[in-house]
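Note sheet for the following structure.
Only the coordinates and a few stated rules stand behind these numbers; no lab work does. Keep in mind the model is a prediction, meaning the values are calculated, not measured.
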Amino acid sequence: MTDNAPLTGPAAAPGTGPLVSLVVPAFNEAENVAGLVELAQAIDLANPGHRFELVVVDDGSVDGTPELLRAALDGGPVDARIITLSRNFGSHAAITAGFRAARGACAMTLSADLQEPLEVIGRFLAAWEAGNDVVWGVRATRSVPTGLGNALSRAFSRWFHRWSTIPTYPAEGPSIVLVSRAVLDVVNAMPEANRNVFGLVAWSGFDQTTVGFEQLPRPAGRSKWTNAKKIKLVVDSFVEFSQTPARVAGYLGAALCVLATVMLIVGVVVAVTPVAGAGFWLVGSLALMVGGLNLGFLSVMGEYVWRAGDDARRRPIYVLRSVHDVVAHRPRVDRDATVAWNGRVDVATTARMTAEATRG
């Protein structure tokens, strides 16, 4: 099964309010499955004006993540779709699969490592209901503030914001996003094989805003978002959304013409100056510099040609292995119910739920 069309299936269980799809790409996250299900339940309880479905896309896990998800969700507290890909296609391909499977009036990405606080979900929904089609989640602080990976992420976000053709991309670097059905339909129709989904969302336009939040520490396991994957995303993003790499070749070509003129003058001076071997080193250095630049720009052009060929071949962005739909069993909320997640109790939401249960 390929990605040629959005998935269909039974609608989410009846309830009140618009349906919100929580899209979670997961790769070898068996240690966080229980926490993810708890978070989805807490989100559902904390936002009674909305209905939720959990769309988890297993990106070729080998640690039993999809099996654990099925066991945790079957007959459980939330509606869910568990989508299993045939292999690891990358997080942005997995998000694409989740977007195409989403049945909600909007879709919000979440990380499988549970680093988004529960209370931020309500702020995203409020921003969406205020008329924004795109709500970016920007980390005010990071759980791991130092390291090469974070330095690369910050630098990429700044450069991409400045040099890409989509200035609406947040300069701070988004980690999650909520998109309306209108944006979902636009992004789902885009055929790019090598993709930055956040870039496609920003490119789509519409009304956009940001929500800041404090990133939580990862409760278990290690991040699968390696530096190699980050570098690939940087290359994909600049080739897809920026003319800068191609234009740099022209700028440096003009600079080399100026340099060649200077070198010609220096060469003439050296030729009439009795300095043994000076001409050889001068010519050799110039040849190496020009050769290196030529190879570098051939590589840049090769990236563009490869991606054009990849899109022309029209291979699917991902391949589906299976789709498993879950319809929730929702017991009545009793008066002593509390909304808690990772040991934190939401007192205000608990009080509201108790009042609603009493009225019911």
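Using θ = phi - 60° and the Karplus form 6.51 cos²θ - 1.76 cosθ + 1.60, what ³J(HN,Hα) does each residue of the range 173-180 get, whole Hz, x for Gly and Pro?
x, x, 10, 9, 7, 10, 10, 6
Amide H to amide H under 5 Å from V23: which residues, 5+ apart in sequence or cross-chain, H placed 1.01 Å off N in plane?
Under 5 Å from the amide H of V23 lie the amide H atoms of V55, M108, T109, L110, each far enough along the sequence or on another chain.
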